[in-house]
Amino acid sequence: MSIEKLLNEDLEIFRIILNSEEIFKKSWEYIKYRPGEILCEYGYECKYFYVILSGFVNIYHTSEKGKTYSQSVYGKGYYIGELELFTNKPFICGVETMTGTEIIRISKDIFLKWTRSDMNILYYLMKTLCDSSYTLSEKASYDTLYSLKFRICDYLIDCKKNPDYYKHYKIFLSKKYLSERFVVTTRSINRILKELYDKSLIDFESNYIKIIDLKGLEEEREKERFM
């Protein structure tokens with residue numbers, strides 16, 4: 001399938017790909033994944049640059065003891081592999097599909113030739129990498145300076161305000177995912193969630209969280225900010 005049939009111009013990276021030279025446009029490969037498939041494996045050689053067309057993937061680390069830490073979730077328009085390809089190093093994280101996911105990819109050699117010859121993609125990568133670094137730095141400061149309750153409230157609020165995340169609440173609002181995201185035990189997560197449940201701010205559907213009172217969660221977060 002041609003790249004023109006796979007992409008529209010609703011995102012900047014798609015427009016850059018569609019406006020690139022023909023030699024680069026025709027080099028993309030399309031792949032469709034089922035939920036729970038490994039897209040990239042920690043420590044393995046990176047051979048491709050990936051762009052997500054649809055779905056969500058989990059960017060994670062796993063310790064020697066098997067504990068998993070979810071660093072981020074990527075969706076439509078996000079890309080994977082640039083750090084490893086530019087530095088010629090193995091994957092620093094694992095990447096697993098959380099939903100059915102469609103991607104396109106190009107080989108390492110083509111990617112490096114593209115970035116050398118096209119300032120549009122080079123500038124886009126620089127800009128979005130800076131944005132990503134900013135977000136990770138902000139998350140690191142939150143993890144260090146604020147309580148678990150503040151961080152959980154903040155995350156639940158963000159999920160409620162993001163239609164895509166709340167639509168897939170069985171992924172993003174599962175107790176298991178919260179445990180991986182905040183690198184704490186499920187018991188610690190349950191303790192905070194029970195407090196929020198007792199205040200009628202959230203409800204439960206099996207192991208998933210339903211948000212009942214967004215304004216109440218925002219008030220609870222602000223109380224916790226100065227604790």
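The values are calculated or read from the model by the stated rules, or taken from the named source; none is laboratory data. The structure presented is a predicted model; accordingly, all values stated were derived computationally and were not measured. So basically every Cβ, Gly included, is an ideal-geometry build from the backbone, and we count neighbours across all protein chains shown. Accessible surface areas use protein heavy atoms only, side chains included; no ligands, DNA or RNA. Shrake-Rupley method; radii C 1.70, N 1.55, O 1.52, S 1.80 Å.
Please note which strands (runs of 3 or more DSSP E) are completely contained in the range 21-125 and include at least 2 residues that are open to solvent by 70 Å² or more (accessible area, probe 1.4 Å), of a type in the set (Asp, Glu) and closer than 22 Å to Tyr169 by Cα. Walk me through it before giving the result.
Working: elements: 29-33, 38-40, 48-54, 57-62, 68-74, 94-97, 101-107.
Once the strands (runs of 3 or more DSSP E) in the range 21-125 are filtered for at least 2 residues that are open to solvent by 70 Å² or more (accessible area, probe 1.4 Å), of a type in the set (Asp, Glu) and closer than 22 Å to Tyr169 by Cα, nothing remains.
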Per-region count, the range 92-143, residues farther than 21 Å from Val183 by Cβ, of a type in the set (Asp, Glu) and in contact (Cβ under 8 Å) with a residue 40 or more places away in the chain: 2
Residue in the range 182-201 that is within 24 Å of Ile80 (Cα to Cα), open to solvent by 50 Å² or more (accessible area, probe 1.4 Å) and in contact with a helix residue (DSSP H, G or I) (Cβ under 9 Å, 6 or more places away or on another chain) present: yes
Qualifying residue in the range 180-194 (condition: over 14 Å from Phe150 (Cβ atoms), within 23 Å of the chain's Cα centre (by Cα) and outside any helix (DSSP H, G or I)): yes
